[in-house]
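The values are calculated or read from the model by the stated rules, or taken from the named source; none is laboratory data. Predicted model, so just to flag it, every value in this text is computed and none were measured. Quick reminder, even Gly has a Cβ in these numbers, built from the backbone with ideal geometry, and neighbours come from all protein chains shown. Surface areas here come from the heavy atoms of the whole protein model, side chains and all, with no ligands, DNA or RNA. Shrake-Rupley method; radii C 1.70, N 1.55, O 1.52, S 1.80 Å.
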Amino acid sequence: MPINQPSNQIKLTNVSLVRYKKAKKRFEIACYKNKVLEWRSGNEKDIDNVLQIPNVFLNVSRGQTAPTADLAKAFGKDTPVQDIILEILNKGELQVGAVSYT
């Protein structure tokens, strides 16, 4: 008998987190480690290749997306999500397993 898994569940593999703390909240994005390093060095230009999911999270492992109110409070009311993701990607701390890169 096959085991049924939720169809809307997304499995993240080879995931690295980029964490950024602003306005007393910690925001995270799910990325590919090598692509983050390439993005920061200027070799990678396409952000879709860097991000696993184009969302901002409070906790990636639990799947808690950041509420719009928290994003507006921390980054400004009219800041697009794409700009928030870019700021987190460029200024955040890369978390890979037990090792962190800044």
The residue that is farthest from residue 32 (Cα to Cα), considering only those in the range 50-71 that are open to solvent by less than 70 Å² (accessible area, probe 1.4 Å) and part of a loop (DSSP other than H, G, I, E, B), is 67
Picked from the range 72-90 (must be within 19 Å of residue 52 (Cβ to Cβ) and touching a strand residue (DSSP E or B) at 6+ places or on another chain (Cβ under 8 Å)), the residue surrounded by the fewest Cβ atoms within 10 Å (Cβ to Cβ) is 87
If we keep only residues of the range 31-48 that are open to solvent by 70 Å² or more (accessible area, probe 1.4 Å) and in a helix (DSSP H, G or I), then the residue modelled with the lowest pLDDT is 34
For the range 13-30 the number of residues that are open to solvent by 50 Å² or more (accessible area, probe 1.4 Å) and part of a strand (DSSP E or B) is 6
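When the residues of the range 87-102 are filtered to those that are at pLDDT below 90 and β-branched (Val, Ile, Thr), which remaining residue is nearest to the chain's Cα centre (by Cα)?
Checking each candidate, the answer is 96.
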Exercise. Check whether at least one residue in the range 52-72 is modelled with pLDDT under 90 and at positive phi, and report yes or no.
Key: yes
